[in-house]
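To keep things clear, I will list the structure first and then write my remarks on it.
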Amino acid sequence: MSIARRHSGIMTSATIARIRIVTAGLLVVVLWASAFPAIRVAAPALGPFGLALARTAIACVAFLAAAPFAGVRLPARRDLPLIAACGVVGMAAYQVLLTAGELTVPAGTASLIVAAAPLVSVAIAAGAFGERLTTLKLVGSGVALGGVAIVSVARSGLTLSGAVWLVLAAMVVQGIYHPLTKPLLRRYSGLEVATYAMVAGLIPLLAALPWSLPQLASASPEAWLGAAYLGLLPSAAGFVLWGYAVARLSMATATALLYLVSPVAVGIAAIWLGEIPQPAELLGGGVVIAGVALIGLSPGRPRTPYPRRSRRRGGSAATARPTRDDPAPVHAPNRAR
């Protein structure tokens, strides 16, 4: 009887742990999905550069405050150029382009377009890293591109508006960001890479401060509240929770969670902003997600083993260098971050 009770207790503990992990993953989905409508709320008052600067600065403060407790190490000098590229492309350029596009493009529509970012990642991985383009990847890419086309012309017809082009550009730079982080994730934890990239992305945004200052100074408390929400929750807390969940979930489960971001963003935008998507947008979004899912189902080449775990004195296991036994990082399409 005692053995049965002990076994039941173990199963209960395992179930509770599983619930916590999945809950963390689902919370990330909600946070990243909510960022799209939150941008629509804060962008008119703060402007594209002002909002990007404000939310990135707030996220940097959060990351740097947590860094000593999380054992975040200083990056090696040789990695600084790649970190700078990640910050400029994946943080600064992505946020400015997406925010500028969402001044007129509905939040749900923007999220459906950005969902196709893995197409760019696949193309770069094939060209730069020699990853094999399987039949599933090629078919999935074609399907997803068709979905992007449907979403893009749903409201403006065959002539794309300038705002849609901005969101498409945001999707492209988002797709470039993930392959750029691949070499870094072999030497640093996901939290470390996110911290480095966020700080690197703040630097070029600070250069735009003179032009953003009038809007920052005159912005309403509601706009600043939106910027604080974006910086603290989707940007900072989202990355921390994602790192916790992805280290404990299978790649298939983690990837499946990411497919939920766009549909949830459409739902939140409908409830929060009253933005009802058109049938063609829903159709195109479904096609995009189906295409990206096909890409995710394609088997990749065997991964290069990570270097053996190495920690500096006082470092934490959470930020130690990955080993070949560690789960491979799932590259989250950071969405609106």
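Miscellaneous remarks
- Residue within segment 241-251 that is within 21 Å of the chain's Cα centre (by Cα) and either at pLDDT 90 or above or under 27 Å from Pro48 (Cα atoms) (or both) present: yes
- Residues of segment 271-296 that are in contact with a Ser or Thr (Cβ under 6 Å, 6 or more places away or on another chain) and open to solvent by 20 Å² or more (accessible area, probe 1.4 Å): Gly296 alone.
- Residue check for Arg78: part of a helix (DSSP H, G or I), touching a residue at least 12 places away in the same chain (Cβ under 8 Å), of a type in the set (Lys, Arg) and farther than 18 Å from Val240 by Cα: no
- Scanning segment 153-186 for residues that are open to solvent by 50 Å² or more (accessible area, probe 1.4 Å) and charged (D, E, K, R) turns up Arg155, Arg186.
- Members of segment 262-279 that are in contact with a Lys or Arg (Cβ under 9 Å, 6 or more places away or on another chain) and modelled with pLDDT of 90 or more: Ala265, Ala269, Trp272, Leu273, Glu275
- Any hit, segment 18-34, residues being farther than 27 Å from Ser220 by Cβ, touching a residue at least 24 places away in the same chain (Cβ under 8 Å) and polar (S, T, N, Q): no
- Entirely in segment 192-270, the helices (runs of 4 or more DSSP H) that have 2 or more residues that are of a type in the set (D, E, K, R), in contact with a Pro (Cβ under 9 Å, 6 or more places away or on another chain) and surrounded by fewer than 24 Cβ atoms within 10 Å (Cβ to Cβ): none
The values are calculated or read from the model by the stated rules, or taken from the named source; none is laboratory data. Only a predicted model underlies this, so the values are computations on that prediction, with no experimental measurement involved. Heads up, the Cβs are rebuilt from the backbone with ideal geometry, glycines too, and the neighbour counts pull from every protein chain shown. Side chains are part of the model used for accessible areas, which takes the heavy atoms of the whole protein and leaves out ligands, DNA and RNA. Shrake-Rupley method; radii C 1.70, N 1.55, O 1.52, S 1.80 Å.
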